[in-house]
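Below: the structure, in structure tokens.
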Amino acid sequence: MTGSVDLDWPSGDITRVPYRLYTDEGLFEREMERIFYASWAYVGLEAEIPNAWDYITTMIGKRSVVITRDEQGRVHGFANRCAHRGVKVCRQASGNSRIFICPYHQWSYDSQGNLRGVPFIKGIGGMGGMPEDFKRSDNALPRLKITVRQGVIFANFSDEVEDFASYLGTTNLKYFDRVFDGRELKVLGYSRQLIPGNWKLMFENIKDP
């Protein structure tokens, strides 16, 4: 972790925050770990992946992830970084594919993030190849914990996070179910914004009203 997380808060005034809250790199990394990577995050709608092998890509914090649907209709999620050299295995925003192939060395993964293929895994002419103890099962992409509620998909990286209903709590869960009440969801389009600023600037301005 780089940067400082010690902030000089104004005394006696809880309405003001230090400007460094929005610029401190160390605090930002701490927020990524404690907020984005340790709790449930919205990643999409089931309506975005209605068919077997459909997928979407999105971000949790600074990490790219892939959300997929398998042939049984189950929803999965995994980190969008090849286990070999860390290159993105999926570069499209959405699509339909049974296999995701890394463009660097062509390692291939299935819709659950399991490693399926490694070119020249045995080498060529007795030379090269992967070590004898190499196992595909040890090189799957990091999986996300997934929950789906009323057609809305949430994911997280942590095995320790509580279940989604407990995480929201009784009051917030009631508000959520009031909006997402079981009616069929339809994707009408997308509106995205990219700002050169700290995530809190956008979040606070959205919540300002």
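The values are calculated or read from the model by the stated rules, or taken from the named source; none is laboratory data. These numbers come from a predicted model, not from an experiment. Cβ: placed from backbone, ideal geometry, glycine included. Neighbour counts: every protein chain shown. The protein model used for the area step is the full one, side chains on, heavy atoms only, and it has no ligands, DNA or RNA in it. Shrake-Rupley method; radii C 1.70, N 1.55, O 1.52, S 1.80 Å.
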*Quick one: which residue in Gly117, Gly126, Gly86 is over 30 Å from Leu185 (Cβ atoms), out of contact with any helix residue (DSSP H, G or I) (no Cβ under 6 Å at 6 or more places or on another chain), open to solvent by 60 Å² or more (accessible area, probe 1.4 Å) and small (Gly, Ala, Ser)?*
Gly126
*Can you work out which of the residues in region 56-74 that are part of a loop (DSSP other than H, G, I, E, B) and under 12 Å from the mean Cα position of the chain (by Cα) is surrounded by the fewest Cβ atoms within 10 Å (Cβ to Cβ)?*
Lys62
*Among (1) in a loop (DSSP other than H, G, I, E, B); (2) at pLDDT 95 or above, where does Arg116 come up short?*
(1)
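Could we say that Gly126 is more than 30 Å from Asp177 (Cβ to Cβ) and not charged (D, E, K, R) here? Before you say what the answer is, go through the steps one by one.
Numbers: more than 30 Å from Asp177 (Cβ to Cβ): yes; not charged (D, E, K, R): yes.
When the stated conditions are applied, Gly126 passes them.
Conditions tested, residue by residue: (1) of a type in the set (D, E, K, R); (2) more than 18 Å from the chain's Cα centre (by Cα).
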position	(1), (2)
Arg143	yes, no
Ile146	no, no
Phe154	no, no
Asn172	no, yes
Val179	no, yes
Glu184	yes, yes
Leu188	no, yes
Arg192	yes, no
*List every residue pair whose Cβ atoms lie under 8 Å apart, where the two residues are 6 or more positions apart in sequence or sit on different chains, the first residue falls within region 11-24 and is aromatic (Phe, Trp, Tyr), and the second residue, located anywhere, is open to solvent by less than 90 Å² (accessible area, probe 1.4 Å) and at pLDDT 80 or above.*
Tyr22/Gly197; Tyr22/Asn198; Tyr22/Lys200; Tyr22/Leu201
*Can you pull out the residues in region 1-55 that are out of contact with any helix residue (DSSP H, G or I) (no Cβ under 8 Å at 6 or more places or on another chain), assigned to a loop (DSSP other than H, G, I, E, B) and open to solvent by less than 70 Å² (accessible area, probe 1.4 Å)?*
Pro10, Asp13, Val17, Pro18, Asp24, Tyr37, Ala38, Ile49, Ala52, Trp53
